[in-house]
Amino acid sequence: MEQNKFIQAEYYYRWASYMIPTRMQPQYLLWQLYVTTGEKEKARRVAHTIIGMPLKVENTYTLKIKRRMKEYLSQKH
């Protein structure tokens, strides 16, 4: 994503999320990609997915991401 190769970034973030579905970070990076590219509906879907993810480990990182997703969804787009 940092190289502005958004199609490739989406592919790899999705691939990573399929490889380890219990990890939140690939979904979070995918959400960031959609926000950056202005794909609001896709960003909303990913935010809902993240909020509903069952977590093996709950820590400050995962709690911060879930709070950020809730804040994003509460905004008017």
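The values are calculated or read from the model by the stated rules, or taken from the named source; none is laboratory data. For clarity, every value in this text was computed on a predicted model and none was experimentally measured. For neighbour counting, all protein chains shown are included, and Cβ atoms are generated from backbone atoms with ideal geometry for every residue, glycine included. Please note that ligands, DNA and RNA were not included when accessible areas were found on the heavy atoms of the full protein model with its side chains. Shrake-Rupley method; radii C 1.70, N 1.55, O 1.52, S 1.80 Å.
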Quiz item: Would it be correct to say that T49 is free of Cβ contacts under 8 Å to residues at least 40 places away in the same chain, β-branched (V, I, T) and loosely packed, with under 15 Cβ neighbours inside 10 Å?
Solution: no
Practice problem: State whether the residues of the range 13-35 include one that is assigned to a loop (DSSP other than H, G, I, E, B), hydroxyl-bearing (S, T, Y) and either free of Cβ contacts under 8 Å to residues at least 40 places away in the same chain or touching a helix residue (DSSP H, G or I) at 6+ places or on another chain (Cβ under 7 Å) (or both). | Solution: yes
Practice problem: Report, by residue number, each residue of the range 52-74 that is open to solvent by 100 Å² or more (accessible area, probe 1.4 Å), farther than 17 Å from S17 by Cα and not in a helix (DSSP H, G or I). | Solution: E58
